[in-house]
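First up is the structure itself, then whatever we jot down about it.
Laboratory data are not the source of any read-out in this text; all were calculated from the coordinates shown. Fair warning: this is a prediction, and the values are worked out from it, not measured in the lab. Counting neighbours? That spans all protein chains shown, and the Cβs are built from the backbone with ideal geometry, glycine included.
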Amino acid sequence: MLASVLVLPFLPHLVAAFSWQFQNAPRQCQNVSIQLQGAGQPPYSILIVPFGPSPLANNKEVRKILNIPFNGSSANFPLNYPANSQFVAVVSDSSSFGSGGTSIAAQVLSSDNAGCYDPNAESGPDFVFNIDPPNQIVQCSPSRLWWDNSTVQGTPQFLGVIPGGQSFTIQQSPLSNVPNEGTGFSWTPSIIGGTTVIIVAGDNRSPGNGGSFFNVVSPGTSPTSSCLNGMSPSSTPGSPAGGSYPTSSTGAGTGGGGGSVDIGAIVGGTVGGLVAIAALLFFLAFLRRRDRLRSGKSPIDLVNDDEEDERPARQNELPPFYHPEPFIVPDPSAVSSSQGRQTPSQDGTRPMSMLTTTDPLTSSGFRSPTPDANGSTTTRKSAAGPRALRPINIVQHDDAGPSEADQDAEPETIELPPAYTNIRKPAQP
Ligand SMILES: *[C@@H]1O[C@H](CO)[C@@H](O)[C@H](O)[C@H]1NC(C)=O
């Protein structure tokens, strides 16, 4: 008994009896067809809820919530929404609302037909509903949904539509009449904060004829999760319902359709993240080495590991790699002993040298795979630099800095080292 009680509530989630897919990209004033897969219990219905602002002038809203009932395993219906608008689609069978799954916001593409809507005729709902406290839904905190009873037919029904998630029917507690708050009921949303939910109201005339209210559930000032459980509707991970369809005007979409843009963005983000991580790791490794060199000059295994990793690739290039460190560390001592001019600028030189030395580290680090651009330049100058004298390392910093062109501090680093070189050059010859 206990097991069944525990398991049964999860069955509706686990057993998705059927799924559905768009058969074509939704286009302005053209038919949309969807196909069901799996065993649902007819009759079915698809609810189309406008999402986001209206693309028309003055935000004229001509999109009405559509509810299309159908019995077979497919549906074909006209979409009288303007291009560049969005909607969320919920497919249900007779078992429960949202049983077939909810899409994320789908994009309406353009077409040569704009005759299905009047851009000057705003379409209001048949009745309006209100939420108190207004304009918010708070996790596990009761709200009152109410309406003017003279404007509805029958008792309104409220649906919670979660894009890409588990949509649900809002269970009504006993109705009450409150002065200035009409007829309504108290609803405690067992929805975790941060979830996007669109509340859709409808009465006996049609589901959705009372309009919709878009909201991101607030966790509340003192969040309580007492109402949350395994049944709590939320955005479900994984691919959203609806198959493959466009979700933005660029043609990017879900699934395989227009995925190239998404893939490019993902790859770019991933590579960027890896580069950033690599830069951070190199910087940390540099700091470690520097600390070790300061404390005890005996290199430890880790240093050897680092060297072993990089030696085979660039034995010739490594010397510059090392030189910056001893040069930086002894700055105060060596500089004071060798040159008096640098001591006054210690405060400035230290952080600057830090930055510049990390620059070649990072650049050599993640640009080794792409030796075309900077690998050659840095190696050349490094090869020429290390042999001569330490000051020449500073010259490397100059060259390495501007090549990256990413960091703001480079201009400063550029300015200082030239000063050294200028000093050195006249001094040496
Ligand atoms: C569009 O859908 C409507 C309603 O199902 C149907 O009557 C009409 O034949 C469809 N038009 C096309 C071109 O498929």
- [ ] State, to one decimal in nm², a quarter of the convex hull surface area for the C-alpha atoms of the range 131-253, i.e. the direction-averaged projected area.
- [x] 9.4 nm²
- [ ] Just need the relative contact order of the range 86-231 here, percent rounded to a whole number, with Cα pairs under 8 Å and 6+ apart.
- [x] 25 percent
TODO: Mind giving me the nanometre distance, one decimal, between the label points for Ser95 and Asn76, set 7 Å out from Cα along Cα→Cβ?
DONE: 2.8 nm
Task: Virtual paramagnetic centre 7 Å along Cα→Cβ of Gln41, amide N under 14 Å, in the range 87-103 - done: 92-100
Open item on the list: Please list 3J(HN,Hα) in residue order for the range 34-39, calculated via the Karplus relation 6.51 cos²θ - 1.76 cosθ + 1.60 where θ = phi - 60°; whole Hz, with x for glycine and proline.
Closed with: 10, 10, 8, 10, x, 9
